Structure formats: C-alpha cells, structure tokens
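Step one of this worksheet: look at the structure below.
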Amino acid sequence: MAILYIVATPIGNLKDISFRALETLRGVDLILCEDTRVTKKLLDYYKINVPTLSCHQHSELKKVEYIIQLLKRGKNLALVSDAGTPGISDPGNKLINIIAARPGLPINIVPIPGPCAITAAASVSGFPTDRFLFLGFPPVKNKRKKFFKEAASSKYTVIFYESPHRIIKTLKEIGFFAREREIAVCRELTKKFETIYRGSVEKVIQDIEKDEIRGEFVVILGEK
Ligand code: SAM
C-alpha cells in the first residue's frame, strides 16, 4: 500500500527537523510542496535530491488526480508546507481531505510530527495550555469585530496568527475587547530576530512599535 507522509518541517531554524522527517524525505519518490522554491532551501541544506512538485491551495483537480494516480501506482509521497506542520492553517488539508474521502484507495496517510508555530508559541507563553482555542488568522476585512469579540470572550487561552502588516492594527482591536488580558506575542520564533513580547495589550503594542515591525507573529491571550 502506498504512503502519503505528512511531514512537519522547520518554522525558521533549519535544524529543527526530526531524524524521521529527514529519513522520510530522503526515501520518498516525490515531495509535494506548497512552494517548491521554499522547500528547495531545506532540501539543499540536507543534500536531499528528490523530485518536487508544487501542490497548493489553487492546484487544479487535474493535478490532484495525477497525485492520486501516482499513489495508486505504489509511489510513496511526502507532503510539506512552507513552514511547520502541513494542514495547520495552510493549504495541506485540502489534498488530505480529497484522498481520505475517496473510498477504497490503497493509500495510508501517515503523520511525521514536528514544528508548528502554535505549539512553539504556546510552549513559551507560560499561559495554561491544557485547553486552548486556536483561531487561525483574523479575517482581513469583514467579520473582524466578531473574530476579536469571540477571542476576548473565551475563558481559555486563545492563540492566533498574524502578519507583520496587520499586527499593530489587530492588537489595537483586540485591546478594545480585552484590555485587562495578559498577552504574549511571539515574533520570528526560532529565527535570528526571535522576540517574545509579554504584558498588557497596551504595553506589548508600545514594545513592538519600538522595534522594526517585520517577520511572522503568533498572538496569545492568557486565560480570562
Ligand atoms: N503550518 C504552519 C505551522 O504549522 O505553524 C502555519 C502556516 S501559516 C500559513 C503561517 C503563519 O504561522 C505565519 O503568518 C505566522 O503567523 C505563523 N508562523 C509561522 N512561522 C512562524 C515563526 N517562525 N514565528 C512566528 N510565527 C510563525
């Protein structure tokens, strides 16, 4: 039976990858990537010379069918995203869903766990994480107010992702509903400019504004 491995890759530091992930990437017939150029940096670093194929949110059905045909012919494939765990707030789950929903396909879907921005951020937040709410990215336009209200009304720790362009706007909006809440904002985890901002929303906004606002962010609201 063919195997589709779902392989977690680093969220920044290329050394954050498991032996099993490397062994898997070396051993498969083809690596399906969100962006082949991004994955190539990782493959070059580890001298892995396996063909790649882009497979992202906008991949047409024809490509998905081609991938299914490869698996049916007994080829083993790995799916990776640009960073972290495929399918967690990135397009990986679309392909997995199509394959898992096809009855009788002789394909095993196997996770190769590893880095994920959610768990890395949660692990350094100090907030309770026996239960938490993960909300992905805030909507860019409509329904922002609903998103922040939902986040602020949760009694559990809340985690979401944000881009550098919107981080200050987002923190100001969350501050409106959760002024009293302690937050942690994790920037560029595992990378050169890794910074963890902690405190009230107001303090964190001031601290971030003092720095150059670049990189990738995870926002965590402490429990109510
Ligand atoms: N699948 C990925 C994972 O497992 O973490 C998440 C993909 S999502 C499209 C990308 C978002 O994750 C970024 O916009 C940022 O919010 C967050 N992220 C990824 N890497 C990060 C890092 N090194 N530091 C902080 N946040 C990061």
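For the stretch 179-201, state whether one or more residues are away from the ligand (no atom under 13 Å from the Cβ), free of Cβ contacts under 8 Å to residues at least 40 places away in the same chain, assigned to a helix (DSSP H, G or I) and closer than 30 Å to Leu14 by Cβ.
no
Output the residue which, of all residues in the stretch 154-163 that are of a type in the set (S, T, N, Q) and in contact with a strand residue (DSSP E or B) (Cβ under 6 Å, 6 or more places away or on another chain), is farthest from the ligand (Cβ to nearest atom).
Applying the first criterion (of a type in the set (S, T, N, Q)) to the stretch 154-163 yields 154, 157, 163.
Still in the running and in contact with a strand residue (DSSP E or B) (Cβ under 6 Å, 6 or more places away or on another chain): 154, 157.
Values: Ser154: 19, Thr157: 16 Å.
Ranking the qualifying residues of the stretch 154-163, first place goes to Ser154.
Which members of the stretch 164-180 meet the condition of being more than 16 Å from Phe147 (Cα to Cα) and in contact with a strand residue (DSSP E or B) (Cβ under 7 Å, 6 or more places away or on another chain)?
Within the stretch 164-180, Pro164 is the sole residue that qualifies.
Does Leu95 satisfy the criteria of being touching a residue at least 40 places away in the same chain (Cβ under 8 Å), over 17 Å from Thr9 (Cβ atoms) and open to solvent by less than 20 Å² (accessible area, probe 1.4 Å)?
Values: touching a residue at least 40 places away in the same chain (Cβ under 8 Å): yes; over 17 Å from Thr9 (Cβ atoms): no; open to solvent by less than 20 Å² (accessible area, probe 1.4 Å): yes.
Judged against the criteria, Leu95 is not a match.
Scan Ile6, Ile17 and give me the residue that is closer than 21 Å to Arg102 by Cβ, open to solvent by less than 40 Å² (accessible area, probe 1.4 Å) and assigned by TED's automatic domain parsing to the domain that holds Pro91. Steps first, answer last, please.
Values: Ile17 fails: closer than 21 Å to Arg102 by Cβ.
From the options Ile6, Ile17, the qualifying one is Ile6.
If you check Ile3 against the conditions, is it farther than 30 Å from Arg187 by Cβ and either in contact (Cβ under 8 Å) with a residue 40 or more places away in the chain or not charged (D, E, K, R) (or both)?
Yes: the conditions hold for Ile3.
Tell me which residues, restricted to the stretch 78-115, are more than 16 Å from the ligand (Cβ to nearest atom) and assigned to a loop (DSSP other than H, G, I, E, B).
If we filter the stretch 78-115 for residues that are more than 16 Å from the ligand (Cβ to nearest atom), which is where we start, we get 98-110.
Once the filter is applied, which keeps residues that are more than 16 Å from the ligand (Cβ to nearest atom) and assigned to a loop (DSSP other than H, G, I, E, B), the stretch 78-115 yields Arg102, Pro103, Gly104, Leu105, Pro106.
For Tyr156, state whether it is in contact with a Gly (Cβ under 8 Å, 6 or more places away or on another chain), of a type in the set (Ser, Thr, Tyr) and in the same structural domain as Ala122 (by TED's automatic domain parsing). Can you show your working first?
Numbers: in contact with a Gly (Cβ under 8 Å, 6 or more places away or on another chain): no; of a type in the set (Ser, Thr, Tyr): yes; in the same structural domain as Ala122 (by TED's automatic domain parsing): yes.
Taking the combined requirement at face value, the residue does not satisfy it.
Kindly indicate whether Val140 is surrounded by fewer than 19 Cβ atoms within 10 Å (Cβ to Cβ) and farther than 19 Å from Asp211 by Cβ. I'd like the intermediate steps shown before the answer.
On the way: surrounded by fewer than 19 Cβ atoms within 10 Å (Cβ to Cβ): yes; farther than 19 Å from Asp211 by Cβ: yes.
Yes; evaluated as a whole, the condition is true for this residue.
Six or more apart or on different chains, Cβ atoms under 6 Å: show the pairs whose first residue is in the stretch 23-34 and touching a residue at least 12 places away in the same chain (Cβ under 8 Å) and whose second is polar (S, T, N, Q).
Val28/Asn76; Asp29/Asn76; Ile31/Thr52; Cys33/Thr39; Cys33/Thr52; Cys33/Ser54; Glu34/Ser81
Would you tally the residues in the stretch 143-170 being in contact (Cβ under 8 Å) with a residue 40 or more places away in the chain, closer than 18 Å to Glu182 by Cα and open to solvent by less than 40 Å² (accessible area, probe 1.4 Å)?
Adding up the residues that qualify gives 12.
Identify all residues within the stretch 65-92 that are open to solvent by less than 30 Å² (accessible area, probe 1.4 Å) and farther than 29 Å from Phe160 by Cβ; write none if there are none.
Matches in the stretch 65-92: Ile67, Ile68, Leu70, Leu71, Leu77.
The values are calculated or read from the model by the stated rules, or taken from the named source; none is laboratory data. Computed from a predicted model, the values in this text were never measured in an experiment. Note that each Cβ is placed from the backbone with ideal geometry, even for glycine, and that neighbours are counted across all protein chains shown. Each accessible area value is taken on the protein alone, full model and side chains, heavy atoms only, with ligands, DNA and RNA left out. Shrake-Rupley method; radii C 1.70, N 1.55, O 1.52, S 1.80 Å.
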